[in-house]
1. Can you tell me how many residues in the stretch 306-349 are out of contact with any helix residue (DSSP H, G or I) (no Cβ under 9 Å at 6 or more places or on another chain) and either closer than 19 Å to VAL278 by Cα or crowded, with 24+ Cβ neighbours inside 10 Å (or both)?
2. Looking at the stretch 11-64 only, could you name the residues that are aliphatic (A, V, I, L, M) and farther than 25 Å from PRO319 by Cβ?
3. Every residue in the stretch 141-162 that is at pLDDT 95 or above, outside any loop (DSSP other than H, G, I, E, B) and either under 17 Å from the mean Cα position of the chain (by Cα) or under 11 Å from ALA203 (Cα atoms) (or both), please.
4. Can you confirm whether the stretch 359-371 contains a residue that is surrounded by fewer than 21 Cβ atoms within 10 Å (Cβ to Cβ), among the charged types (D, E, K, R) and at pLDDT below 95?
5. Run ALA181 past the list (1) under 23 Å from ALA40 (Cα atoms); (2) hydrophobic (A, V, I, L, M, F, W, C); (3) surrounded by fewer than 18 Cβ atoms within 10 Å (Cβ to Cβ) and report the number of the one that doesn't hold.
6. Show me the strands (runs of 3 or more DSSP E) found entirely inside the stretch 179-296 where at least 1 residues are modelled with pLDDT under 95 and of a type in the set (Ser, Thr, Tyr).
7. Give me a count of the residues in the stretch 77-101 that are under 19 Å from the mean Cα position of the chain (by Cα) and either in a loop (DSSP other than H, G, I, E, B) or modelled with pLDDT of 90 or more (or both).
Amino acid sequence: MSSVPPQPASTDDPQSIVLVDLFAGPGGLDVAAHWLGIPALGIEWDSNACATRTKAGLGTQPGDVRNYGPEKFPNAKYLAGGPPCQTYTVAGGGAGRRALDQVLEFVARMAAGEPFDRIKEDLVQLEDERTALVLEPLRWALGAEAGGHPYEAIVLEQVPAVLPVWKAMALVLEARGYTTAVDILHTEEYGVPQTRRRAILIARREEFGKAALPEPTHQRYRKGVQRKPRTGEGVKPWVTMADALDRKEAFEVVSNYGTGGDPKARGRRSWNEPSATVTGKISRNRVVTADGESRFGHAEAGRLQTFPHDYPWQPKDVPQQIGNAIPPRLAAHVLAAARGKTVDPDSLDAFVRMDWEQSKQGGLVTQPMPETLEGSKESTDPKAEPLPLEA
């Protein structure tokens, strides 16, 4: 373990901030930052998420990301952001998906150097103002460069429908001295006991090395395909709900959502499978055993996202906080990759099971990323492939 634990970053001491986390939520990425020993400060406007963050001892700036900029944190080396997904997810109204062409046009205008204050005047054209929040990480990245302190690395995360936006931003960053890697990652391939797809962008300044996405450490889940035992140094089996929750009895989870467009055809997963995507409605899922039905408690729902079992969730709107978060285990892999490192999966297993106060001291084992690992450059056309959708 690290002998000097990472201290919560503070806006009172901007020099202490190494990583700025935009739209930080209850702390999924910041938990991973603690595991890796990176002092992080999260900007978050939701009071419930801020209450959880404060109780957990995470550096927090309550407020709207749009009211801040990189000049407030001039010494930060890393930028991360997971903008709200409600307008892009299939579980929402779809305003973001319908506005994709407009969003890509705004990215092009930012790339051309048009002042963002002028662009903001046209953002009112969007059906839902939250759609424009995906532009904020690029505003911060360009502002940091203009101020003479570009970030060493940038990590962005969103639902799969935002992949074309991340691709467009990757081109902008590549023209400004970054290498980039962008793709859809499957969370169960990184040891998360849940099938959840996320569009990930990693950008890394050329002088610090080539950007690359983390290599999977676990088997991908496919319905009806047998779970494989680990052999030698190969990938591990996917993590089941029963493993994550330490449940001994067999159970089945009946989702609140319908499948195949039929609201009556509820999705079902068994105890020996990963959970379906954890959303803000997870408290409505039914957990069926031979003895009857129950619901996942907050701690159990958090563990399916790989938060520590004793993470101090604060009482209001906890299911939504949990569903909105990036799984800390995935975040650890992505943050490490942004620094040119890989995470030791056995060490990560231990950290996921530790008490929060113990794991927040840091010390997660990492190794340098193999030099042969190539960054993943996608098509230069940000709309060149169909949009994968996910709730």
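1. Residues flagged as out of contact with any helix residue (DSSP H, G or I) (no Cβ under 9 Å at 6 or more places or on another chain) and either closer than 19 Å to VAL278 by Cα or crowded, with 24+ Cβ neighbours inside 10 Å (or both) within the stretch 306-349 amount to 2.
2. Across the stretch 11-64, the qualifying residues are ILE17, VAL18, LEU19, VAL20, LEU36, ILE38, LEU41.
3. Selection gives ALA141, ALA153, ILE154, VAL155, LEU156, GLU157.
4. yes
5. Only one criterion is unmet by ALA181, namely (3).
6. Those strands (runs of 3 or more DSSP E) span 252-259.
7. Residues in the stretch 77-101 being under 19 Å from the mean Cα position of the chain (by Cα) and either in a loop (DSSP other than H, G, I, E, B) or modelled with pLDDT of 90 or more (or both): 16 in total.
Each row is one residue, and each column tells you yes or no for (1) more than 21 Å from the chain's Cα centre (by Cα); (2) among the polar types (S, T, N, Q).
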position: THR180; (1), (2): no, yes
position: ILE184; (1), (2): no, no
position: GLU189; (1), (2): no, no
position: PRO193; (1), (2): no, no
position: ALA199; (1), (2): no, no
position: THR217; (1), (2): no, yes
position: VAL254; (1), (2): yes, no
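The values are calculated or read from the model by the stated rules, or taken from the named source; none is laboratory data. The model shown is predicted, which means the values in this text are computed figures rather than measured ones. All Cβ positions, even for glycine, are placed from backbone atoms using ideal geometry, and neighbour counts span all protein chains on display.
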